[in-house]
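What follows is calculated from the coordinates using simple rules that are stated; it is not laboratory data. These numbers come from a predicted model, not from an experiment. Because the Cβ atoms are built from the backbone with ideal geometry, glycine has one as well, and the counts that use them run over all protein chains shown.
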Amino acid sequence: MCHYCGCREIPLIKDFIAEHESATNLAGGIIHALDHDQAHTVRPQLETLARELASHWRGEETGLFAVMRGNPEFTDYIGLLEAEHRELAELMATVDLTLSGDRTELAAALGALHQHIAKEEDGLFPASLIALTAEDWDRSMAAWRAAHAGRAPAP
């Protein structure tokens, strides 16, 4: 991840990055359990991850993604990110942990979460610095708050 552009200092981006870190930690725990024949412990962890990602994705998609989609330069890129959100959400909701193939598919998808996050943190977030207006940031932050009712944003 880049540390040069300064986007990591924007409160909304800090929140997204903190959520990314939480998601990758949860995903790592799930992958570890799958790799060590502890699939029976995965369902509660997977449900926690799915809940966290649902609010995270809602905050991204109704906020930052929605305002950046107004720029044709970002439309396809955002469409790809949202498709990846849908694919992982569907897999987490339907995976049959009793099936070896499903467990393997889940582990691979959770491993790929790092690449998805890199597309946001190394691509979209830095681009947001030059693409968004103050009004866009306000709309993005309002959407994050709505998706995370009751949780305070990063300072």
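Using Cα-only point scatterers and the Debye equation, what is log10 of I(q)/I(0) for the range 1-102 at each q in 0.16, 0.18, 0.23 Å⁻¹, rounded to two decimals? With one equal scatterer per Cα and no solvent, log10 I(q)/I(0) is -0.81, -0.96, -1.27. In the chain, a dipole from Cβ-located charges (positive for Lys and Arg, negative for Asp and Glu) runs towards its positive end, and of GLY123, LEU106, THR133 it is THR133 whose Cα lies farthest in that direction. The value of relative contact order for the chain, using C-alpha pairs under 8 Å at least six residues apart, is 42 percent. Sort out for me the Cα centre separation of the range 12-43 from the range 63-86, rounded to whole Å. What the calculation gives is 24 Å, centre to centre.
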